[in-house]
Amino acid sequence: MPKDLINPFEPERLARQLAFDDMMRGLLIAGVMIALLMTLVLPSMVIVSGLIAPALVMGLWLWMSLSTARVARSLSMFGGLMATEPSKAEDALNEMLAVRPVMRWARLLSYHRLAGLRHLQRRFAETAAICLCLLSQPLKGPAAVTRPHLLLMLAEAQLEIGNLPGAYHALAHLQQTKLGLAQSLQRLAIQTRYELAIGAYDHALHRARAKVELAELMPAQHCATMHAMLATAAQRVGQARQSDWLWERTRLLAGPEFTKQLEQGGFGVAIVEPDTNSGDEPA
């Protein structure tokens, strides 16, 4: 694992950064309003209002725009770094998080990428903390599309750390969220894992045939995991024939080592992968 460059996530740090970003944006808007007001109310101050004030406003706007553009460029390249060079991804994120001031959407997208990196590193407690904090913020503009992925990461992370009530709440929100096909398949796998964790085996087996057909659309490892979870549920309710059939299909999809892991209940195979393409460009 690469050496950490980023301190453990603290909600207070994100709150301070957002407050600073919002303050600078507010100053920018206020500067424009004051310059206009001075022009209308104090014609004798036309030089100040017509030259100096606009120059200050322009300088502040340029500072924020360049900072945001810098973060946006880094976000667009982050996916490749995360897949091939995690240490450089950590370094790139460290630089992104240090840039200020930036537009709110850029700040939130930077932390979304941090959540994805921590999820990939299987640091699920930190993933859950970041996702909860981001989901408590208004997700607007380019950041709006991250909500389904944040909920999926949160649900899986909560299962990994054994927080079943937290997983339930994330899944409940996902039921009310519009998802794409891949995200719907991920939700199905996480939902099934949750039902096994709470002993709701009948719920896990509800429409089992349809779930098997949907599992065929998943990547091979996830498909094997889905079959194994359904096989386990069938075994627990005494449906031996269905369980044997599902385990047979599992063995066709998974190698001996992975099959052994699944037989032992090792269903944590990172169903949710980092989403590095959402919101790279401003709306």
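The values are calculated or read from the model by the stated rules, or taken from the named source; none is laboratory data. Because the structure is a prediction, the values reported are computed rather than measured. Using ideal geometry, Cβ is built from the backbone for each residue, glycine included, and neighbour counts are taken over all protein chains shown. Accessible surface is based on the protein model in full, side chains and every heavy atom, while ligands, DNA and RNA are left aside. Shrake-Rupley method; radii C 1.70, N 1.55, O 1.52, S 1.80 Å.
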Here the residues within the stretch 208-250 that are charged (D, E, K, R) and either under 22 Å from SER184 (Cβ atoms) or modelled with pLDDT under 95 (or both) are ARG209, LYS211, GLU213, GLU216, ARG249
Restricted to the stretch 224-258 and to residues being part of a loop (DSSP other than H, G, I, E, B) and open to solvent by less than 70 Å² (accessible area, probe 1.4 Å), the residue nearest to LEU181 (Cα to Cα) is ALA254
In the set MET45, MET38, MET24, the lone residue that is modelled with pLDDT of 80 or more, of a type in the set (A, V, I, L, M, F, W, C) and farther than 23 Å from ARG118 by Cβ is MET24
From the option list HIS169, HIS119, single residue qualifying as open to solvent by less than 10 Å² (accessible area, probe 1.4 Å) and part of a helix (DSSP H, G or I) is HIS119
query: Does any residue of the stretch 210-223 turn out to be among the charged types (D, E, K, R) and assigned to a helix (DSSP H, G or I)?
result: yes
Apart from one, (1) in a helix (DSSP H, G or I); (2) crowded, with 23+ Cβ neighbours inside 10 Å all hold for VAL102; the odd one out is (1)
Expected single match for surrounded by fewer than 16 Cβ atoms within 10 Å (Cβ to Cβ), more than 30 Å from ARG25 (Cα to Cα) and of a type outside the set (Lys, Arg) among LEU81, LEU159, LEU181 is LEU181
Checking ALA83, ALA69, ALA89, ALA53 in turn, the sole residue that is farther than 20 Å from CYS133 by Cα and modelled with pLDDT of 90 or more turns out to be ALA69
Among (1) open to solvent by less than 10 Å² (accessible area, probe 1.4 Å); (2) small (Gly, Ala, Ser); (3) more than 17 Å from the chain's Cα centre (by Cα), SER87 falls short only on (1)
Residues of the stretch 184-217 being open to solvent by 50 Å² or more (accessible area, probe 1.4 Å) and over 16 Å from PHE267 (Cα atoms), in sequence order, are ASP202, HIS203, HIS206, ARG207, ARG209, GLU213, LEU214, GLU216, LEU217
